[in-house]
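What follows is a single structure, written as structure tokens, with notes after it.
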Amino acid sequence: MSFLEYAPAPESQAILNLRSEYGLFIDGEFREGHGTPFASISPATEKHLTTISTADGADVDAAVAAARRAYDRTWSRMSGADRGKYLFRIARLVQERSRELAVAESLDNGKPIKESRDVDVPLVAAWFFYYAGWADKLDHAGLGANPASLGVAAQVIPWNFPLLMLAWKIAPALAAGNTVVLKPAETTSLTALLFAEIVQQADLPPGVVNIITGAGATGVALVGHDDVDAVAFTGSTPVGRAIAKSVAGTHKKVTLELGGKAANIVFDDAPIDQAIEGIVNGIFFNQGHVCCAGSRLLVQESIHDEVVDRLKSRLSTLRLGDPLDKNTDIGAINSSAQLDRIRALSDIGEAEGAERWTAECTIPENGFWFAPTIFTNVSTSHRIAQEEVFGPVLSVLTFRTPAEAIAKANNTPFGLSAGIWSDKGSRILAVADKLRAGVIWANTFNRFDPASPFGGYKESGYGREGGRHGIASYLKTAAPAAALEPTRKSVTKGAAK
Ligand code: NAD
């Protein structure tokens, strides 16, 4: 079969006006950090993008003090309606600067421009619009009498959706009346710093949003600071565990959004064309750097060969390369350290007896790349079926009955998300009810909406982001627990097209 050749269609970088150095954003201003600055590079080319400050302990103190002042003097005294106006303003500025933000995100993170342009940045604006609408309704939402903000929120986020994770953290915290100090991941600080410019443009009172950059040590100092009232962390389970230990016994309210190992379950009556697209989107979206990625395909035995054959031919059409090219499907792996982890776990998969298949594609000379890969003959005990690879690697397992699918799907320490593909609504609901996963997609995958709560069970963490639950995480609520936990899990159904 021959495929159409695509001419290069790179998005212009002219819109991006990067500074050669970025400081910390504290109290409404950029200032130099006291730690050792570090380089930010493009994972697709390894070229230097800019130099970024590191916040040391004194900088963390200054950021938390600025957030505390802003909380006491302005933000906690402002009406919800006025807070909402600022959030609406931020949302509109994100939309105005959307092309620039998308280019910066793809350059810094390595994700394809079509994803940052059509998924990440629109969702960032949607998150701010959504929570702007909540700011003046807190007293009327079943959150108890006089729901009160917590104070200063310390927020630490990962590198896979840098700007989107920032929005998931900052929008509900501000809407609820808290001030924030946020630390982006060290490999992807750029869009958080552009967001700091948006905060200035929106004329937010100084200190309401503070952005401090640096690696794990900065995160430790922030989370451990005595004067923060809330800790919101998204990242790996081992770091989440360390944070839970460090804040145990303190007054800090904690949410942890951690890793996942989602099962994507395909029954033999599933609409196969849709399911193939859903499987591809489930694991190869954002190079598989997705906490809720459908990394374990559970396919009914009778259709295994057909599904695997069709998947291989679909994967052979994916284009890997320049993240800024509008035709690119698979971008760069975010860092050499992450590439090493993906390679190591894939080698272990092979050594443990799984069969490896890799899509043929030309790997660029520089940068960090991993071609889409499928493992078949995987058993539940294999490490690639248990551990988060966090890359474009799919493990295929089989089942014969719904009960076996459920048992295998739940056979993981994680519990973040799952997918179910079937023509029968009753089967979808019956299976969804037995899966230990916080988010379940039916005949679709990787759909996000600010109104839908997102979060995990077991080692995937606790707390929910999105929806009313997301704002409750940033409030002292007197509501009965049952009133805040009506949705044990959220099930999103795709339209059968
Ligand atoms: P990571 O845990 O290594 O780092 C996340 C952030 O924590 C970074 O900003 C890092 O600098 C900081 N950090 C590191 N050590 C710290 C410490 N001891 N104390 C405080 N902060 C510390 O994770 P990562 O590799 O950046 O991200 C990938 C992980 O994130 C994956 O496991 C993925 O599943 C998870 N994730 C989860 C969700 C979710 O919503 N559940 C969303 C996205 C990513």
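The values are calculated or read from the model by the stated rules, or taken from the named source; none is laboratory data. Keep in mind that what you see is a predicted model, and the values were worked out from it rather than measured. Please note: Cβ atoms are built from the backbone with ideal geometry, for glycine as well, and neighbour counts cover all protein chains shown.
Any residue at all in region 265-283 that is outside the structural domain of TRP369 (by TED's automatic domain parsing), in a helix (DSSP H, G or I) and within 21 Å of GLY466 (Cβ to Cβ)? Among the residues of region 265-283, not one is outside the structural domain of TRP369 (by TED's automatic domain parsing), in a helix (DSSP H, G or I) and within 21 Å of GLY466 (Cβ to Cβ), which makes the answer no.
For region 291-330, enumerate the residues that are in a loop (DSSP other than H, G, I, E, B) and under 27 Å from GLU365 (Cβ atoms). Talk me through it step by step, then tell me what you get.
In the first step, residues of region 291-330 are kept if they are in a loop (DSSP other than H, G, I, E, B); the result is 291-295, 316-319, 321-324, 326-329.
Those that are in a loop (DSSP other than H, G, I, E, B) and under 27 Å from GLU365 (Cβ atoms): SER316, THR317, LEU318, ARG319, GLY321, ASP322, PRO323, LEU324, LYS326, ASN327, THR328, ASP329.
Kindly evaluate GLY391 against the criterion of being out of contact with any strand residue (DSSP E or B) (no Cβ under 7 Å at 6 or more places or on another chain) and on the phi > 0 side of the Ramachandran plot. The answer is no for GLY391.
Out of ALA173, ALA132, ALA185, ALA154, report the one residue that is within 24 Å of ALA244 (Cβ to Cβ), more than 12 Å from the ligand (Cβ to nearest atom), crowded, with 22+ Cβ neighbours inside 10 Å and small (Gly, Ala, Ser). It would help to see each step written out before you state the result.
On the way: ALA132 fails: within 24 Å of ALA244 (Cβ to Cβ); ALA185 fails: more than 12 Å from the ligand (Cβ to nearest atom); ALA154 fails: more than 12 Å from the ligand (Cβ to nearest atom).
The unique qualifying residue is ALA173.
Name, by its number, the condition in (1) closer than 29 Å to ILE170 by Cβ; (2) away from the ligand (no atom under 14 Å from the Cβ); (3) part of a loop (DSSP other than H, G, I, E, B) that does not hold for VAL378. In the conditions (1) closer than 29 Å to ILE170 by Cβ; (2) away from the ligand (no atom under 14 Å from the Cβ); (3) part of a loop (DSSP other than H, G, I, E, B), VAL378 misses (1) alone. Looking at ILE374, ILE342, ILE363, ILE384 in this structure, which one is modelled with pLDDT of 95 or more, out of contact with any Pro (no Cβ under 7 Å at 6 or more places or on another chain) and exposed (fewer than 15 other Cβ atoms within 10 Å of the Cβ)? Going through ILE374, ILE342, ILE363, ILE384 in turn, the sole match is ILE363.
Residue pairs whose Cβ atoms lie under 6 Å apart, separated by 6 or more positions or on different chains, with the first residue in region 152-165 and within 17 Å of LEU222 (Cβ to Cβ) and in a strand (DSSP E or B) and the second of a type outside the set (A, V, I, L, M) and near the ligand (Cβ under 6 Å from one of its atoms), are VAL156/LYS183; VAL156/GLY219. Filtering region 242-262 to residues that are more than 9 Å from the ligand (Cβ to nearest atom) and either hydroxyl-bearing (Ser, Thr, Tyr) or free of Cβ contacts under 8 Å to residues at least 12 places away in the same chain (or both) leaves LYS245, ALA248, GLY249, THR250, THR255.
In region 218-226, is there at least one residue being out of contact with any helix residue (DSSP H, G or I) (no Cβ under 6 Å at 6 or more places or on another chain), without any contact (Cβ under 8 Å) to a residue 40 or more places away in the chain and within 15 Å of the ligand (Cβ to nearest atom)? Don't jump to the end; show me each part of the working.
Residues of region 218-226 that are out of contact with any helix residue (DSSP H, G or I) (no Cβ under 6 Å at 6 or more places or on another chain), as a first pass: 218-220, 226.
When the remaining residues are screened for being without any contact (Cβ under 8 Å) to a residue 40 or more places away in the chain, the result is 220, 226.
Now narrow it down to the ones that are within 15 Å of the ligand (Cβ to nearest atom): 220.
Looking for residues that are out of contact with any helix residue (DSSP H, G or I) (no Cβ under 6 Å at 6 or more places or on another chain), without any contact (Cβ under 8 Å) to a residue 40 or more places away in the chain and within 15 Å of the ligand (Cβ to nearest atom), one finds at least one in region 218-226, hence yes.
Taken together, the residues in region 431-449 that are in a loop (DSSP other than H, G, I, E, B) and surrounded by fewer than 23 Cβ atoms within 10 Å (Cβ to Cβ) amount to 7.
Those residues that are near the ligand (Cβ under 10 Å from one of its atoms) and not β-branched (Val, Ile, Thr), I need them from region 227-241; list them, please.
PHE233, GLY235, SER236, PRO238, GLY240, ARG241
Selection of region 417-439 for residues being closer than 18 Å to PRO453 by Cα and in contact with a Lys or Arg (Cβ under 8 Å, 6 or more places away or on another chain) yields ALA432, LEU435, ARG436, ALA437, GLY438, VAL439.
In region 345-360, the qualifying residues are those that are in a loop (DSSP other than H, G, I, E, B) and among the aliphatic types (A, V, I, L, M), and the one that is surrounded by the most Cβ atoms within 10 Å (Cβ to Cβ) is ALA354.
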